[in-house]
Amino acid sequence: MLKKIAFLLPALIFALLISGCEQDKNKATTKAGAGVALKLATVTAMDHTYNQGAVRYAELVKERSNGRIEISIHPNGQIASGERELLEAIPKGTVDLYVGSTGPVGGFSPSMGILDLPFIFRDYAHVDKVLDGPIGRQLLDDLDKANLKGLAFWENGFRNLTNSKRIIKLPADAKGLKIRTMENKVHIAAWKAIGVIPVPLSFGVLYGDLQKKTIDGEENPVDVIYSTKFYEVQKYLSLTQHVYSPALIIISPKVWQALSKEDQAMMLKAAQEVAPYQRKLGRDSEEKHIAELAAKGMTVTKDINKKVWYRIMEGAMGEFIQSFGKDKVEAIINTK
Ligand code: EAX
């Protein structure tokens, strides 16, 4: 009997080794048996640029993994109605990939909040230089400490004010209105300084609250206003562009660690490749969507004196600039 085992032992060890290698080689495969099925979640409509970018991303990842990695897209808050809730769902394993704004991310990774400072970005070219450079890289790396794996910066866009009450051109015109903000301390302070009543709310309840008129207005990029049909519940659009709203594609660290090095590199590269494509979608459609919002009955105010809004909002940023680091804020402003 012992002789038989002694004889079989090398074969057994060899079989185990092979299966171990097999496991390593197809690490991604083991996670979901025949292939890897990953859930990507957003809170916006399928025709919003987050999901259009996600479709391109899923195609690239499937192609470059020879069909092993399949990403299903869950828009419209199917998995959770707000972005903070989606971020909280990542460690729970119900969300594998998040595409959404950085709005609530400052609550998880404080350094990301520096991007929420009003008027810190001059234009889209400035945005690209900062987010695709060492400053952006550092902010993505900082997400590791929050148990989130940042892959790349995609885009939400410059935010604008909408409301159901009146034309707003100057900050004084907005005084006393109840304006929904993202769950974001910097934004809340900026709007308080303008003299509105900021109401931080999850995105999932926003349309309903505007319809019920429990709030008077909100602020979002044109593509969100258009794709979420806010023109049905808001009459006035002021192109304040008071703050730039970056977006992120984030992967669950658990999923990331279960991937082979090759698959990690492939998924990171694909996310970086889709970034300029996704950003361009929103930038190219902005003017067209503004015209369509007007055609759908919104009164659009374009000639906004941004300096006036900047001066008031800037006045409330002292403590935040301190906490983010004056040198870091200047590094962004001075990026050419
Ligand atoms: O990221 O919450 C917001 O207003 C965001 O702009 C929206 O969720 C898209």
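The values are calculated or read from the model by the stated rules, or taken from the named source; none is laboratory data. As the structure is a computational prediction, the values presented were derived from the model and not from experiment. All Cβ positions, even for glycine, are placed from backbone atoms using ideal geometry, and neighbour counts span all protein chains on display.
A few points about this structure:
- Pairs with Cβ under 6 Å, 6+ apart, first in the range 143-170 and over 21 Å from residue 310 (Cβ atoms) and in contact (Cβ under 8 Å) with a residue 12 or more places away in the chain, second in a strand (DSSP E or B) and within 11 Å of the ligand (Cβ to nearest atom): 150/248; 153/246; 154/247; 155/247
- When residues of the range 74-99 are limited to those that are modelled with pLDDT of 95 or more and at positive phi, the one farthest from the ligand (Cβ to nearest atom): 76
- Residue 188 meets the conditions (1) away from the ligand (no atom under 12 Å from the Cβ); (2) over 18 Å from residue 106 (Cβ atoms); (3) surrounded by fewer than 23 Cβ atoms within 10 Å (Cβ to Cβ) in every case but one. The failed one is (2).
- Within the range 195-206, considering residues that are aliphatic (A, V, I, L, M) and buried (at least 23 other Cβ atoms within 10 Å of the Cβ), the one nearest to the chain's Cα centre (by Cα): 206
- Unmet requirement for residue 125, which otherwise passes all of (1) assigned to a helix (DSSP H, G or I); (2) closer than 22 Å to residue 227 by Cβ: (2)
A quick yes/no check of all residues on (1) within 16 Å of the ligand (Cβ to nearest atom); (2) surrounded by fewer than 23 Cβ atoms within 10 Å (Cβ to Cβ); (3) among the small types (Gly, Ala, Ser); (4) on the phi > 0 side of the Ramachandran plot:
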site	(1), (2), (3), (4)
153	yes, no, no, no
163	yes, no, no, no
172	no, yes, yes, no
208	yes, yes, yes, no
218	yes, no, no, no
224	yes, no, no, no
229	yes, yes, no, yes
233	yes, yes, no, no
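- Taken together, the residues in the range 40-51 that are surrounded by fewer than 19 Cβ atoms within 10 Å (Cβ to Cβ) and touching a residue at least 40 places away in the same chain (Cβ under 8 Å) amount to 2.
- The residues of the range 245-272 that are under 16 Å from residue 147 (Cα atoms) and within 16 Å of the ligand (Cβ to nearest atom), listed by number, are 248, 249, 250.
- Set 49, 44, 29: member being at pLDDT below 95 and not small (Gly, Ala, Ser): 29
- When each of 283, 311 is tested for being of a type outside the set (Asp, Glu) and within 22 Å of residue 226 (Cα to Cα), the lone residue that passes is 283.
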